[in-house]
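Here the structure comes first, spelled out in structure tokens, and everything after it is commentary.
The values are calculated or read from the model by the stated rules, or taken from the named source; none is laboratory data. The model shown is predicted, which means the values in this text are computed figures rather than measured ones. With ideal geometry, Cβ positions are generated from the backbone for all residues, glycine too; neighbour counts draw on all protein chains shown.
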């Protein structure tokens with residue numbers, strides 16, 4: 001795992017989503033698809049290391065409220081094209097939405113809320129629109145791309161899982177990449193950073209609840225797969241109908257991102 005993770009001080013969960021084998025042969029080219037949390041607390045050293053990646057595009061999945069509260073820092077001379085998500089009717093990240101309640105929140109019911117949220121996340125129009133745009137950009141080539149949200153685990157996790165599915169990555173590898181959030185970089189620093197953001201929006205929360213909110217579990221992504229199959233029959237149909245990734249687009253994505 002360590003060779004996938006870019007160890008930074010103020011940006012968490014920054015890692016390479018490439019390297020996985022795809023059906024039919026080959027692997028996703030390393031250094032072309034990156035994922036992370038937000039860059040608000042990036043240090044100058046972080047910005048230098050990110051600049052060295054030569055990013056051509058950045059897809060920011062956060063809402064305008066999140067961006068206004070925590071604007072991303074960029075290196076001087078930053079030239080990557082940045083794409084922003086439109087605002088949804090639901091204005092919070094899935095883990096923040098799961099934290100908001102009028103009653104005392106426990107770790108277990110927080111976990112149950114996240115499972116329910118993952119049953120809906122793949123059908124959020126603003127997320128679908130950003131994933132479609134991301135796929136369109138990726139198939140064009142032109143340089144490495146980064147996708148990120150607040151924590152880099154829920155919206156970003158779904159976006160990367162759908163890209164992996166479109167490219168033919170095995171479901172076990174998709175899950176392994178998703179779960180890597182729990183151990184990538186400095187987990188305690190990541191949890192502390194997320195806790196500060198969440199508490200600013202929701203008020204006091206127990207540490208056990210925050211740890212659930214800032215982690216990922218197989219049941220979450222499984223909930224998304226189940227919801228997709230219930231609505232669309234299978235993942236391939238969802239990719240085509242919801243994300244515009246028909247067979248031709250998937251071939252173009254493989255041509256741009258997969259190496260033998």
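Summary table below
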quantity	calculated
Cross-chain or 6+ apart pairs with Cβ under 7 Å, segment 116-130 first and more than 15 Å from residue 229 (Cα to Cα), then part of a helix (DSSP H, G or I)	117/94; 117/97; 117/98; 127/121; 127/155; 127/158; 128/242; 128/243
Qualifying strands (runs of 3 or more DSSP E) (wholly inside segment 16-94; at least 1 residues being out of contact with any helix residue (DSSP H, G or I) (no Cβ under 8 Å at 6 or more places or on another chain) and closer than 23 Å to residue 183 by Cα)	33-36
Segment 68-80 - residue that is within 18 Å of the chain's Cα centre (by Cα) and at pLDDT 95 or above and, of those, surrounded by the fewest Cβ atoms within 10 Å (Cβ to Cβ)	71
